[in-house]
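Notes to accompany the following structure.
Readers should treat all values here as calculations from the given coordinates under stated rules, not as data from a laboratory. Just so we're clear, the structure is a prediction, and the values are computed from it rather than from any experiment. Cβ placement follows ideal geometry from the backbone for every residue including glycine, while neighbour counts extend to all protein chains displayed.
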Amino acid sequence: MPRVGTFENAQATWKIYPLGNDAGEPVGAGDILVSELGKMPSPHSIYTRQPANFRIPPHYHDNAQFQVFVEGSATFGSRGIRPLTVHFATHQTGYGPIVSGDQGLIYITLRMATEFGAHLVDKPEERERMNSRIQRRQITHEVGALAPGALQALAAPEVLVALDPEPSGLAAWVVRLPPSAAMAAPQHAGGAGQFHIVTAGCMIVDGETYGRHASVWVGTEERGFTLRAGAQGLEAVVCQFPREALLRAEDIGATGTAQ
């Protein structure tokens, strides 16, 4: 069965971090969908609000992850970020800094394994713990934001490629559906599971309606998942993980690749 997390879940688990900009506005985050630590897969979806003109330093995480930038703007490393942008990074790939613009920045982070915290790449002890066998890479692609009223005006479903499908199973798409429309979610052979993120309109899953920022996890055992739009239409980002995302960082290169 698909697992669904909502923005209300993020509000209920909201954490304020002792970090903020010059105006005293803090960084906050909440878990949209969280799973038991130590299992694989244990899908984790996190909503983060970064205040205006705040710098998050370069860092990495132990698990492969997607980030979907949904509001605001930023400088991400050497490039500009604005909605709707999809980013993917392999295990222990350093990225950043993330410097938010004048309106702040909101993004959703997606992992196949529940993980808390980050590792700063400028700390020698954090660099030393990294697995040298990992092939580190990151991909960023801006799809662009919807114009107001665009979903309601759609005459037919649209599927945009956000990340080109790769032999590893990695892929991402943006699906836009007219009101009350439905279609099979895009898939690419060999993936390790998908997140479906509502970025506009609403999605109907098992008869329930879920609004913006809802995260729907669909494992490989779920074949033929159907995206269903509500009365306002639906824009959803479909993020498919590669097989290697099933491995722990310390096992990569030592036990082979995920099958």
Neighbour net charge for His44 - beta-carbon separation under 15 angstrom, K R +1, D E -1: +1
Virtual spin-label span in nm between His141 and Asp164, 7 Å along Cα→Cβ: 0.9 nm
Point-to-point label distance, Asp22-Asp206, nm (Cα→Cβ direction, 7 Å offset): 5.0 nm
Spherically averaged projected area of region 11-63 from its Cα convex hull (nm²): 4.6 nm²
Whole-Å distance, taken between Cα centres, linking region 1-19 and region 129-174: 23 Å
Förster radius 51 Å - calculated FRET efficiency between Ala155 and Ser132, Cβ distance, rounded to 0.05: 0.45
For q = 0.26 Å⁻¹, Debye-computed log10 I/I(0) when each Cα of region 210-259 counts as one equal scatterer: -1.07
Zone residues, region 195-230, relative to Ser180, backbone N less than 20 Å from point 7 Å out along Cα-to-Cβ: 201-211, 226-230
Cβ-Cβ FRET estimate between Arg248 and Lys15, R0 fixed at 25 Å, reported to 0.05: 0.50
Histogram of C-alpha separations across region 3-142, 5 Å bin width, %: 2, 10, 18, 23, 23, 16, 7, 2, 0
Viscosity 1.002 mPa s, temperature 20 °C, Stokes-Einstein D of the chain from Kirkwood C-alpha radius, µm²/s: 115 µm²/s
Whole-number D in µm²/s for region 35-80 (Stokes-Einstein; Kirkwood sum over Cα pairs; 20 °C, 1.002 mPa s): 161 µm²/s
Gyration tensor (alpha-carbon) shape descriptor, region 147-243, a/c threshold 1.5: prolate
Shape of region 91-130, Cα gyration tensor, a/c cut at 1.5: oblate
Segments 181-192, 86-97 sorted - mean Cβ within 10 Å per residue, highest first: 86-97, 181-192
MRE, 222 nm, helices only [DSSP H, n ≥ 4, -39500 (n - 2.57), over the chain, to nearest 500]: -1000 deg cm²/dmol
Selected from Pro18, Pro26, Pro58 as most flexible by GNM, with the chain as the system and alpha-carbon contacts under 10 Å: Pro18
